[in-house]
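Since the structure comes first, as structure tokens, the remarks are kept for the end.
The values are calculated or read from the model by the stated rules, or taken from the named source; none is laboratory data. Only a predicted model underlies this, so the values are computations on that prediction, with no experimental measurement involved. Don't worry about glycine lacking a Cβ; one is built from the backbone with ideal geometry, like all the others, and counts go over all protein chains shown. The accessibility values were calculated without ligands, DNA or RNA, using every heavy atom of the protein model including side chains. Shrake-Rupley method; radii C 1.70, N 1.55, O 1.52, S 1.80 Å.
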Amino acid sequence: MPAGRHPDHAPLELERFVPYQLSIVSNTVSQAIADDYQARHDLGVTEWRVMAVLARFDGLSAREVAERTAMDKVAVSRALARLVAAGRVRRHIHADDKRRSVLGLTAAGWKIHDEVAPMARQRERELLARLAPEEQDWLLRILAKLMPQDDRGS
């Protein structure tokens, strides 16, 4: 029997399975961006995603960061602990709700963000340059339709 064949099973054809393909594209692009900042800033992919979300949406709770990134709460919590310890993110008590902790970038966090964000945008331009302008428009429309229907992008 040829390698990879299982007559009693029906394995997914991953090369044709859209969730797998989206994951591969996402991981490849994320790692390319990470290659630009990991060694320079001792910053992991999860930490960068948390910083990017806090740059866009200041004052979120850890739970809200996890929701906006669709990442595991434990992974977000660990990333936040590292970012707070490194002085890149500040955590303080919400002015109106003393039970709520809110997060934001520190000056050191903004400095890293302002260096990494242009590199991320450049990687995005390189990725999109492989598509014709019409294909780029279609991709953005398709991704918008596939995104969860909440306020994650607002």
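Is there a residue being out of contact with any Asp or Glu (no Cβ under 8 Å at 6 or more places or on another chain), over 19 Å from LEU146 (Cα atoms), open to solvent by 90 Å² or more (accessible area, probe 1.4 Å) and not in a helix (DSSP H, G or I) anywhere in the stretch 30-51?
yes
Looking at VAL102, VAL18, which is the one that is surrounded by 14 or more Cβ atoms within 10 Å (Cβ to Cβ), modelled with pLDDT under 95 and more than 11 Å from the chain's Cα centre (by Cα)? Reasoning before the result, please.
On the way: VAL18 fails: surrounded by 14 or more Cβ atoms within 10 Å (Cβ to Cβ).
Only one candidate qualifies: VAL102.
Would you mind telling me which numbered condition in (1) in contact with an Asp or Glu (Cβ under 8 Å, 6 or more places away or on another chain); (2) open to solvent by 60 Å² or more (accessible area, probe 1.4 Å) ALA66 fails?
Every listed condition holds for ALA66 apart from (2).
Do we find that THR69 is under 25 Å from LEU146 (Cα atoms), polar (S, T, N, Q) and at pLDDT 90 or above in this structure?
Numbers: under 25 Å from LEU146 (Cα atoms): yes; polar (S, T, N, Q): yes; at pLDDT 90 or above: yes.
Spelling it out, THR69 is indeed under 25 Å from LEU146 (Cα atoms), polar (S, T, N, Q) and at pLDDT 90 or above.
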